[in-house]
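Notes to accompany the following structure.
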Amino acid sequence: MNPSQQGTIVRESISGRGPPQCWQRRYRVCKFIMPQYRHSFGVRSFVFDDLKTLLAKAGPRRSGDELAGVAADSDEERMAARYALADVPLRTFLEDPVIPYEQDEVTRLICETHSRAAFQPVASLTVGQFREWLLSYDTDAVQLAGVAPGLTPEMVAAVSKLMRNQDLILVARKCQVTSRFRNTLGLPGRMAVRIQPNHPTDDPVAIAASILDGLCYGCGDAVIGINPATDNVDNTILLIRLIGDLIDRYEIPTQSCVLAHVTTSLRAMNQGAPVDLVFQSIAGTEAANTSFGVNLSLLAESQAAALSLKRGTVGDNVMYFETGQGSCLSAGAHHGVDQQTLEARAYAVARHFRPLLVNTVVGFIGPEYLYDGKQIIRAGLEDHFCAKLLGVPMGCDVCYTNHSEADQDDMDTLLSLLGMAGCNYIMGVPGADDIMLNYQSTSFHDIHFLRQSLGLRPAPEFEDWLLRNGIMNQDLQLQPVARGHRLLQSPHDRH
């Protein structure tokens, strides 16, 4: 973008403190000429009216953006947008929000939590130069962690659109984002697993059997997390106590979560339930979060309630969030912004609440948003990259629905790539088939493919527990679990 193509912003400072760091309300906009972005191939020129249009047109092809009417009309237009995007200064994203400050509390959160000091090392760069900085030999985990508070979701979404899959993997692998509750997640060379023992009737016996099955496969260090079929307080407390009793009985260094709505978890805590983690699905716009029945204030209230219980032993990261590309569009709350940029904005919400776990449920929403295996693979790598670059402890539900043009081989490919990229955790679903949510994910044994092929180990505290209980040996190999094993004994048998 040439200087002559940049928009002119003239602001009158109400505070008298000079130009704003971001889009703060104490500045009154007196005149705003919308910038245009353009690039030419030979005699053909492409013009993009504003920043959100440029971002949308530059993104890889995906069905959700086409459904929303924001995608590029041709590969030529897509490449023109990428050339134009590469020349956009990173500072532009602090001056031209894709969703207005006055209309959206997520935009306000992004603005008001932006660190000017952390931004300084990259403040002079364009998006294209930022890509080169990220890929440089000299840019390491310490530098990436230092700059993370100075990056906005729109910046990281923009640079991801200029990157090949291998670029996304390489940079994400350099990022180290750790979190702690009863164990330590996100350390280099380690990948955790959530046991997801869902059942269509919330049958406690069936759920307990699935949990024990997962533990015998060496899974469960990320969390033992149940999606309840019935979201009410009594059922939530029953399931929380079920997991909690298992954790206490076998002295497992992990955490529990019942993935009920945040308001259900709050009511459960008010009734004395031993809640470890508070869960909520979140999105990248205020309107989409409203459709989920949440806002930033409610999330802050739930975080404070969980922290007050002081149930963590090695840390106090008490929140668990799930996200997914297409959630804003499905709620009619996308503001004309592409789904990958909106997904990155959800990570700003997550980052603010210092979560233990965040994962994209990448192919769950369906082919309307990610049509086939190729789109799902790309989205999973983008989501992991953007979250890690923003300082979010990111995992991934490597998944698809049966009406997508995808299969388990596509999921094996994404699983392998995420293992290379340093993903914090994946899902462990019995048989890789969630019989309650009706979608396909990864199974308990899939982590052992990564442990054998890439040498990835469990969380350190959980690995010690697996070794002490004879479930796994030092070579990461599963050991036979005989009938008399501790995990298979009832409390009556043990006494």
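In table form, for the structure just shown:
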| item | result |
| --- | --- |
| Subset of segment 60-99 that is of a type in the set (Lys, Arg) and more than 23 Å from the chain's Cα centre (by Cα) - its residue that is farthest from residue 403 (Cα to Cα) | 91 |
| Hits in segment 152-197 - residues which are part of a loop (DSSP other than H, G, I, E, B), open to solvent by less than 20 Å² (accessible area, probe 1.4 Å) and either at pLDDT below 95 or within 23 Å of residue 120 (Cα to Cα) (or both) | 152, 161, 163, 175, 177 |
| Only listed residue being within 30 Å of residue 210 (Cα to Cα) and either of a type in the set (Lys, Arg) or open to solvent by 40 Å² or more (accessible area, probe 1.4 Å) (or both), chosen from 121, 200 | 200 |
| Some residue of segment 348-361 being farther than 20 Å from residue 148 by Cα and of a type in the set (A, V, I, L, M, F, W, C) | yes |
| Scope segment 362-376; condition of a type in the set (Val, Ile, Thr) and open to solvent by 20 Å² or more (accessible area, probe 1.4 Å); matching residues | 365 |
| Filter result for residue 329 (open to solvent by 10 Å² or more (accessible area, probe 1.4 Å), in contact with a helix residue (DSSP H, G or I) (Cβ under 6 Å, 6 or more places away or on another chain) and either over 19 Å from residue 70 (Cβ atoms) or not small (Gly, Ala, Ser) (or both)) | yes |
| Test: residue 368 is acidic (Asp, Glu), in a helix (DSSP H, G or I) and touching a residue at least 60 places away in the same chain (Cβ under 8 Å) | no |
| Residues (in a helix (DSSP H, G or I) and either closer than 30 Å to residue 42 by Cβ or modelled with pLDDT under 95 (or both)) located in segment 94-118 | 95 |
| Every residue from segment 315-352 that is in contact with a strand residue (DSSP E or B) (Cβ under 9 Å, 6 or more places away or on another chain) and either closer than 19 Å to residue 51 by Cα or in a helix (DSSP H, G or I) (or both) | 327, 343, 346, 347, 349, 350, 351 |
| Counted residues, segment 444-467 - those being in contact (Cβ under 8 Å) with a residue 12 or more places away in the chain and either under 20 Å from residue 203 (Cβ atoms) or of a type in the set (A, V, I, L, M) (or both) | 7 |
| Residues (small (Gly, Ala, Ser) and not in a loop (DSSP other than H, G, I, E, B)) located in segment 220-265 | 225, 244, 256, 265 |
| From 262, 314, 275, residue being open to solvent by 10 Å² or more (accessible area, probe 1.4 Å), β-branched (Val, Ile, Thr) and modelled with pLDDT of 95 or more | 314 |
| Unique residue being at pLDDT 95 or above and surrounded by fewer than 23 Cβ atoms within 10 Å (Cβ to Cβ) when the list is 411, 420 | 420 |
| Segments classed as helices (runs of 4 or more DSSP H), wholly inside segment 426-494, with at least 1 members that are over 29 Å from residue 380 (Cα atoms) and not hydrophobic (A, V, I, L, M, F, W, C) | 460-468, 491-494 |
| Per-region count, segment 427-456, residues surrounded by fewer than 18 Cβ atoms within 10 Å (Cβ to Cβ) and either touching a Lys or Arg at 6+ places or on another chain (Cβ under 8 Å) or closer than 15 Å to residue 191 by Cα (or both) | 6 |
| Candidates 237, 226, 243, filtered to the one that is free of Cβ contacts under 8 Å to residues at least 40 places away in the same chain and surrounded by fewer than 24 Cβ atoms within 10 Å (Cβ to Cβ) | 237 |
| Residue in segment 172-195 that is under 30 Å from residue 489 (Cα atoms), of a type in the set (Phe, Trp, Tyr) and touching a residue at least 24 places away in the same chain (Cβ under 8 Å) present | yes |
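The values are calculated or read from the model by the stated rules, or taken from the named source; none is laboratory data. Nothing here was measured: the structure is a model prediction, and the numbers come from that model. Because the Cβ atoms are built from the backbone with ideal geometry, glycine has one as well, and the counts that use them run over all protein chains shown. For the accessible areas, the whole protein counts, side chains as well, though only heavy atoms, and no ligand, DNA or RNA atoms are used. Shrake-Rupley method; radii C 1.70, N 1.55, O 1.52, S 1.80 Å.
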